[in-house]
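Enquirer: This is the structure I want to talk about, given as structure tokens.
Since every read-out is calculated from the coordinates, none of them should be taken as a lab result. If you're wondering where the values come from, they're calculated on a predicted model, not measured in any experiment. Backbone-built Cβ (ideal geometry, glycine too); neighbour counts: all protein chains shown.
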Amino acid sequence: MLDVQLGELLGDAPAGAGEALDLVAGFDDALTHGFARLGEEASAALAALAGALAGSPLGDRLAEAAEKVSAGSVGDEHLAALAGGRAALLGAVHDALLARFDTALGRTRATWEAAADAGDPAGVLAACRGWLRELAITGWRGVDHDVVSSADPAIEALLATPELRGLAVLLDGLAAELRASCPVGTMERLPVRRWADLWTRALLLSQKGTWHGAAEPVSGRLLILGADVHEHATVVRVQVHGILEPAGGAPSRLVRTSVAAAKVDTISGPSVWRLMGDHPVLMGALAGHLSLELTDMPLLPGGDLVWHDGKASTGAAADPFATARVQLAEAVAPATPPLDRHPVRIAEPVFLEGYTIRDETLDLGGSSLPVALDRLPACGPLTPELVSASSACIGLMRWDGGQWLLQPLAVQATVKKKGVTAHNGDWAMGPTDPKVVKAEARAGDAVAVLRERAGRLLRK
């Protein structure tokens, strides 16, 4: 049955998706060169984007924005309209892909309900919009250290406002990437789509609005499916996917939760788990394959639990593969928040078994699916060799580079005639492989050393 479902999913992209992405690429190219010096081709790209959405609620504003910007008048309201149009096109592609996924797998999904608008705490959003306007006028090719440094006051103000720290981290990350690339004009290739995605998201988040909706307290049992680890030079984030069985007998819901920590680039591999010491309950459940009992844990409409270790306690053992086999197909998926409607943000938990993998491609009854082995984290026991030898997998279905991909979170495999099960989160409380433990002992505890040095500096 599952091979038929995959066959339905893995066909051609939805009608119009390619054309929508071409319009986005035209806008991104204009942003690369800057709106202060729009040529004929860039002006045409903005007009085409506005024309594609002429029949939408954004139509009039987009038409005015494209005209004004092409004439050299770049106002905040014009940039907001253009960013909204770009996001709407990507959102339409996202919705078409997700609708095909839900239809193929028979997944039920909640609908999004708009929340009331929010204000501008302390007026700090205006400073954020000012820097993003400067980037748009200058264009990526014109970015230098002076342009990047002008973001610092806005970032500091955002960091000082708790409800805006997500935007602050986003802005800080974009500034860091640009700073590391300066002078951008000398770069041979630019990550045009990525930077435009970050610019668009930041600009829309800097507008008034409750983009993620209000949280509701939930209680019940959380059954973990797997963990997705995102590691960069300065931060590590662990995103846990699971199924929530709400107290009171309501239908089970697909949820996820994330915890993160700042780091330096010398902390990598299994050592990153040491940074998660503030979340012993969640990490213990990951490593021990335990269920979690939640009490009044905040849940956002997009399916994200706002994690508080004090609102959770570990329960009985819960095998993620048993959970996936029995409950995944019936769990209700969350609605997608407005700014998360982007193809590359699709990450849907799935369970596959009875397949073979060859040359990084999974074959299940004639249906072929690329396996994203490059997304395996270096901090867990899951390796490309183990994935290739597997016959059952809990993973995330993603859409990237114009195709669906499978990102493994856990596998069951046969190695040397023995059954082996491995999960990304198995080492959340420390590595269990003797070879890795010895290697860490020889290398020393980088986290402990850095904390001790930081303590010395603070005492001085």
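Enquirer: Can you give the FRET efficiency for D22 and R141, using 1/(1 + (r/R0)^6), R0 = 22 Å, r = Cβ-Cβ distance, to the nearest 0.05? Let's see the in-between values first.
Expert: Numbers: r = 21 Å, r/R0 = 0.97.
The computed FRET efficiency comes out at 0.55.
Enquirer: For region 1-106, just say rounded, prolate or oblate: build the C-alpha gyration tensor, square-root its eigenvalues into a ≥ b ≥ c, call rounded for a/c under 1.5, and beyond that prolate if a/b exceeds b/c, oblate if not.
Expert: On the way: a/c = 3.53, a/b = 2.54, b/c = 1.39.
Because a/c hits 1.5 or more and a/b exceeds b/c, region 1-106 counts as prolate.
Enquirer: Compute the separation of the alpha-carbon centres of region 285-307 and region 133-205 and state it in Å as a whole number.
Expert: Distance between centres, Cα-based: 32 Å.
Enquirer: What ranking of S271, S313, S43 emerges when the number of other C-beta atoms within 10 Å of each C-beta is taken as an exposure proxy, fewest first? Before the final figure, lay out the partial values.
Expert: Details: S271 22, S313 14, S43 17.
Lowest count first: S313, S43, S271.
Enquirer: With charges only on Cβ, +1 for K and R and -1 for D and E, what is the dipole size of the chain about its Cα centre, in debye, rounded to 20?
Expert: Working: 41 positive and 55 negative charges, 290 e Å.
It comes to approximately 1400 debye.
Enquirer: Once you mark the GluC sites (Glu not before Pro) that are in a DSSP loop and have at most 11 other Cβ atoms within 10 Å, what is the longest gap between them in the chain?
Expert: 189-460
Enquirer: Where does each of C379, C182 land when they are ranked from fewest to most other beta-carbon atoms within 10 angstrom?
Expert: C182, C379
Enquirer: Determine the dipole magnitude for region 117-209: charges of +1 sit on the beta-carbon of Lys and Arg, -1 on that of Asp and Glu, nothing else is charged, the reference point is the Cα centre, and the result goes in debye to the nearest 20.
Expert: Dipole magnitude for region 117-209 comes out near 320 debye.
Enquirer: Could you run the Karplus curve 6.51 cos²θ - 1.76 cosθ + 1.60 with θ = phi - 60° over region 54-62 and give me ³J(HN,Hα) per residue in whole Hz, x for Gly and Pro?
Expert: Per-residue couplings from phi come out as 4, x, 9, x, 8, x, 5, 5, 5 Hz.
Enquirer: If one takes the longest principal axis of the Cα atoms in the chain, at what angle in degrees, from 0 to 90 and to the nearest 10, does the Cα axis of helix 192-205 lie?
Expert: 80
Enquirer: Also: For region 77-206, with the dipole built from +1 on Lys and Arg beta-carbon atoms and -1 on Asp and Glu ones, taken about the Cα centre, which of T200, A80, G106 lies farthest toward the positive end?
Expert: Farthest along the dipole direction, towards plus: G106.
Enquirer: Using label points projected 7 Å from each Cα along Cα→Cβ, tell me how many nm separate R189 and D152, to one decimal.
Expert: 3.3
Enquirer: Right, something else. Amide H of A428 versus every other amide H placed in the peptide plane: which residues, excluding those fewer than 5 positions away on the same chain, fall under 5 Å?
Expert: Here A287 satisfy the definition.
Enquirer: Using amide H atoms built in the peptide plane, which far-off residues or other-chain residues are under 5 Å from V235 H to H?
Expert: Amide H neighbours of V235: K263.
Enquirer: Can you give the angle from 0 to 90° between the axis of helix 165-181 and the longest principal axis of the chain, with both taken from C-alpha atoms, to the nearest 10?
Expert: With rounding to tens, the tilt is 80 degrees.
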